[in-house]
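The values are calculated or read from the model by the stated rules, or taken from the named source; none is laboratory data. These numbers come from a predicted model, not from an experiment. Methodologically, a virtual Cβ is constructed for each residue, glycine included, from the backbone with ideal geometry; neighbour enumeration extends over all protein chains shown. Side chains included, ligands, DNA and RNA excluded: accessible areas come from the protein's heavy atoms. Shrake-Rupley method; radii C 1.70, N 1.55, O 1.52, S 1.80 Å.
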Amino acid sequence: FNYSPAINKAIKEIEITVSQNDALFERAQKTIPGGVNSPVRAFRQVGGTPRFVTRAQGPYFWDADNKQYIDLIMSWGPMIVGHANPEVVEAVKKAAETSFSYGAPTEGEIELAERICQLMPSIEQVRMVSSGTEATMSALRLARGYTGRDLIIKFEGCYHGHADSLLVKAGSGLLTFADSTQNAPSSGGVPQDLVKHTLVLPYNDVAAIEEVFKKQGDQIAAVILEPIAGNMNLITPVPGFLECLRAQCTQHGAVLIFDEVMTGFRVALGGAQGLCGIKPDLTTLGKIVGGGMPVGAFGGKRAIMEKLAPLGPVYQAGTLSGNPVAMAAGLKTLELICAQPDFYKQLSDRTRVLTEGLTHAAHKAGIALTTNQVGGMFGYFFNDEPTITNYAEVMRSDTTRFKQFFHGMLQAGVYLAPSAFEAGFISAAHSEEDLANTTEIAEKILNKK
Ligand code: KE4
């Protein structure tokens, strides 16, 4: 509308700038359930409007209102060499120029498979898929096919993607799998008949593991866990926990699956298994292994992997498995990491600067905060327990304080996970200045009464 200059000026002044994030979120909800393609992105746990990303570079992204953020999620882990890393972008462009997908084998798949086997020696053979969920779903089917058994064990608070068998939340404490009424799916649509084959134990509970194996060891197909848990915020294994699982699985012929979708190439070059020195029978990967493109992978002992079609009876397939453009992104990402001998030392040191800064800021404000850090991932709990080792303790954290902190940081241009039950991630692109700015902002927010 074009009124007189005076009126135009007045309209301009009173024009309420409608956030583009709000407008996009409203529009998105018309055609996408919840306006998002993955639930955690909807800010349901913290409230408010998700930020719609328009572009990202290094440790930063910009939202639809052109506001810049220091990104401490980095796509939930994959962007470990920074957003739009020029060398990764170049590799993807080059691959894309010779078409995106063939549905036929390529050398890039061999190169990535060889790199994974070199970096994780427990993996003798590996198959590519297109997500972490596909990797864990396939690994479970393979373990069941290899052992001829049905029962699987997972741990409360661990998340392995959304395959039916893994969307199971048990009642508290040890469950006898025979009494399936105590198990209840944590998602609609998962049949009770399936749930009875999944037993959920408390994370870090050695006695619970020994009890179950004593009773039902010869019926257990697999144990799957996050060797460092990043889906109930960040929880590390207590001494003896992983060792007990390894021993019990070996003794009873169960397949030990380390779900390293998040920890693979995140906590160390050899993943969590490299840090703890325990070899699982199968490993699942995702996130960093695709450099931000859709890639998952599962691999391990040749004797188990050879049960997979076309060699063996366990079927598993995928149109875009080993996609050449995605392989190029994953390969270049791992190449950049391997080219820097002190990559993880630097990443770990910087992440520790962040967690120590947050701890210091909270304690100065008289606020109880516990932080965890392994390699380039971190967790923080508004909780006065000195160490937090399982889901029940995590659940005692102060989520109101979390929400206040989350929104204060968001407003100040720092993007943390919009859920108290997620870990945070930094990249090689995060400078010491970025992290110092983050802790300075945190101090201001935590000291606001
Ligand atoms: P995807 O299917 O989301 O690629 O991977 C599933 C998965 C498997 N295993 C572990 C240990 C994982 O952390 C994940 C996925 N992690 C979540 C973040 N906690 C992805 C974020 C989301 O769901 O949007």
Legend entry - Residues that are of a type in the set (Asp, Glu) and touching a helix residue (DSSP H, G or I) at 6+ places or on another chain (Cβ under 7 Å), drawn from region 427-449: Glu432, Glu443
Inset, instruction - For region 159-193, name all the residues that are within 16 Å of the ligand (Cβ to nearest atom), surrounded by fewer than 19 Cβ atoms within 10 Å (Cβ to Cβ) and modelled with pLDDT under 85. - result: Lys169, Ser186, Ser187
Inset, instruction - Consider Gly424 carefully, then state whether it is among the small types (Gly, Ala, Ser), under 28 Å from Leu225 (Cα atoms) and in contact with a helix residue (DSSP H, G or I) (Cβ under 6 Å, 6 or more places away or on another chain). - result: no
Legend entry - Every residue from region 137-147 that is in contact with a helix residue (DSSP H, G or I) (Cβ under 7 Å, 6 or more places away or on another chain) and away from the ligand (no atom under 15 Å from the Cβ): Leu142, Tyr146
Inset, instruction - Could you pull out the residue among Leu336, Leu311, Leu275, Leu320 that is without any contact (Cβ under 8 Å) to a residue 40 or more places away in the chain, open to solvent by 10 Å² or more (accessible area, probe 1.4 Å) and farther than 24 Å from Thr198 by Cα? - result: Leu311
Inset, instruction - Give me a count of the residues in region 255-272 that are surrounded by fewer than 23 Cβ atoms within 10 Å (Cβ to Cβ) and within 11 Å of the ligand (Cβ to nearest atom). - result: 0
Inset, instruction - Note down all Cβ pairs under 9 Å where the first residue falls in region 20-47 and is open to solvent by 100 Å² or more (accessible area, probe 1.4 Å), the second is of a type in the set (Gly, Ala, Ser) and in a loop (DSSP other than H, G, I, E, B), and they're at least six residues apart or on different chains. - result: Arg44/Ser419
Legend entry - Selected residue [among the charged types (D, E, K, R) and within 12 Å of the ligand (Cβ to nearest atom)] from Glu107, Glu134, Glu156: Glu134
Legend entry - Hits in region 198-231 - residues which are at pLDDT 95 or above, open to solvent by 10 Å² or more (accessible area, probe 1.4 Å) and not aliphatic (A, V, I, L, M): Asn204, Asp205, Glu210, Glu211, Lys214, Lys215, Gln216, Asp218, Gln219
Inset, instruction - Would you confirm whether any residue within region 1-9 is more than 14 Å from Tyr415 (Cβ to Cβ) and open to solvent by less than 60 Å² (accessible area, probe 1.4 Å)? - result: yes
Legend entry - Extreme residue, modelled with the highest pLDDT, among residues of region 10-19 that are loosely packed, with under 12 Cβ neighbours inside 10 Å and more than 16 Å from Asp65 (Cα to Cα): Ile11
